[in-house]
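I have placed the structure first, in the form of structure tokens, so that the comments after it can refer back to it.
Readers should treat all values here as calculations from the given coordinates under stated rules, not as data from a laboratory. Note that this is a predicted model, so its numbers are computed, not measured. Don't worry about glycine lacking a Cβ; one is built from the backbone with ideal geometry, like all the others, and counts go over all protein chains shown.
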């Protein structure tokens, strides 16, 4: 769980250091703007941006019941962030599995991606799709609406 927060913490620490340097140079406005930018990057790369993750086993069980896709992801993944942002509120209707928190989820991703932990991997009706277009994923939600 700790490694999910490494990148956001690095953004916060770097932003704080850069902002401190700007304040010491006499530019408090630039310091505030830079700090806000780094805090924004920290927020976007944090696990807080994503819906609550469930285990791979629970996601598969839920998907079998309601037919909704399962998304395997990891914090800090730019492609996962892109998928999450482009899905908007629809993202809450998917079953999200953080492969850094769930070894079974990581194993499931490796099984369909030639041993690589390539995310996002979306499973729809038992078929895996690696880094699919967000519009396509949204279309997969339509039947279960």
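Worth a mention:
- Some residue of the stretch 119-131 being within 14 Å of the chain's Cα centre (by Cα), without any contact (Cβ under 8 Å) to a residue 40 or more places away in the chain and not in a strand (DSSP E or B): no
This table checks each residue for (1) free of Cβ contacts under 8 Å to residues at least 12 places away in the same chain; (2) buried (at least 17 other Cβ atoms within 10 Å of the Cβ).
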residue	(1), (2)
15	no, yes
21	yes, no
28	yes, no
32	no, no
36	yes, no
39	no, no
45	no, yes
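- Which numbered condition residue 142 fails, given (1) free of Cβ contacts under 8 Å to residues at least 60 places away in the same chain; (2) more than 25 Å from residue 41 (Cα to Cα); (3) in a strand (DSSP E or B): (3)
- Residues (under 13 Å from residue 130 (Cα atoms) and more than 12 Å from the chain's Cα centre (by Cα)) located in the stretch 68-114: 69, 70, 108, 109, 110, 111, 112, 113, 114
- Flag for residue 137 being out of contact with any helix residue (DSSP H, G or I) (no Cβ under 6 Å at 6 or more places or on another chain) and under 19 Å from residue 78 (Cα atoms): yes
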